[in-house]
Amino acid sequence: MHELVIVEGILEAVIPAAKEHKAEKIVAINLKVGELSGVVSSCVLEYFKSAAKGTIAEGAKINVLPIPVAVSCPDCGYQGGLPKGSYHCPSCGSAGFKIVSGREYYVDTIEAE
Ligand SMILES: [Zn+2]
């Protein structure tokens, strides 16, 4: 169900934006998806097919571009990536780091004509 809400959000964002630019058809949507966002791209693609039916986004290609996880550690000042499956700062081993990116997802760009 989560993915359906995401797809509806995408359509609500891209359709008015495309219309504003007098586009008649959305050809492609470049979606940025954080590795920790929990968004399952195959589900997004599946829901998109039916949700976009009858809209100017029908048949648009969805390109899912992953956003890598990045953390910031208050203990040692480390800023950067986190190895997959690791829950400790790669620099000092602290578990008190903050996740600065990788949980978000958003429409990066769209291609329309
Ligand atoms: Zn650290």
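Along the positive direction of the dipole of the chain (beta-carbon charges: Lys, Arg +1; Asp, Glu -1; about the Cα centre), which of Ala52, Ile62, Ser42 reaches farthest?
The residue sitting farthest along the positive end of the dipole is Ser42.
With a 4.7 Å Cβ cut-off, tell me which Cys residues in the chain come up empty for a partner.
Lacking a cysteine Cβ partner under 4.7 Å: Cys43.
Determine the relative contact order of the chain: mean sequence separation of Cα pairs under 8 Å and six or more apart, normalised by residue count, in whole percent.
Values: 200 pairs, mean separation 40.9, N = 113.
In percent, rounded to a whole number, it is 36.
Please list, short to long, the whole-number percent of alpha-carbon pairs of the range 6-111 in consecutive 10 angstrom bins beginning at zero.
15, 38, 21, 17, 9, 1
So, with +1 on the Cβ of K and R and -1 on the Cβ of D and E, and no other charges, what is the size of the charge dipole of the chain about its Cα centre, to the nearest 20 debye?
Values: 10 positive and 13 negative charges, 28 e Å.
It works out to roughly 140 debye.
Among Cys76, Cys89, Cys43, whose mean-square fluctuation peaks in a Gaussian network model of the chain (Cα, cutoff 10 Å)?
Cys76
I'd like the orientation of helix 2-20 relative to the chain: the angle between its Cα long axis and the longest Cα principal axis, in ° from 0 to 90, rounded to 10.
60
Could you give the angle, 0 to 90 degrees to the nearest 10, between helix 41-51's Cα long axis and the longest principal axis of the Cα atoms of the chain?
20
Mind checking the per residue accessible area of the chain for me, 1.4 Å probe, whole number of Å²? Mind showing how you got there, number by number?
Working: 6820 Å² over 113 residues.
Ligands and nucleic acids excluded, the result is 60 Å² per residue.
Which value in Å does the Kirkwood hydrodynamic radius of the range 67-113 take, with 1/r averaged over all unlike C-alpha pairs and then inverted?
Details: mean 1/r = 0.0842 Å⁻¹.
Answer for the range 67-113: a Kirkwood hydrodynamic radius of 11.9 Å.
Around Asp108, which amide H atoms from residues at least 5 apart in sequence, or from another chain, sit under 5 Å from its own amide H, with H modelled in the peptide plane?
Correct list: Asn30, Leu31, Lys32.
So, with a 1.4 angstrom probe, what is the percent of accessible area on the range 12-74 that is carbon and sulfur?
Numbers: 1990 of 3480 Å².
The computed percentage sits at 57.
The values are calculated or read from the model by the stated rules, or taken from the named source; none is laboratory data. A quick note: this is a predicted structure, and the numbers were derived from the prediction, not measured. Here Cβ is always computed from backbone atoms with ideal geometry, including for glycine, and neighbour counts include all displayed protein chains. Quick note on the areas: whole protein, heavy atoms, side chains included, nothing else; ligands and nucleic acids left out. Shrake-Rupley method; radii C 1.70, N 1.55, O 1.52, S 1.80 Å.
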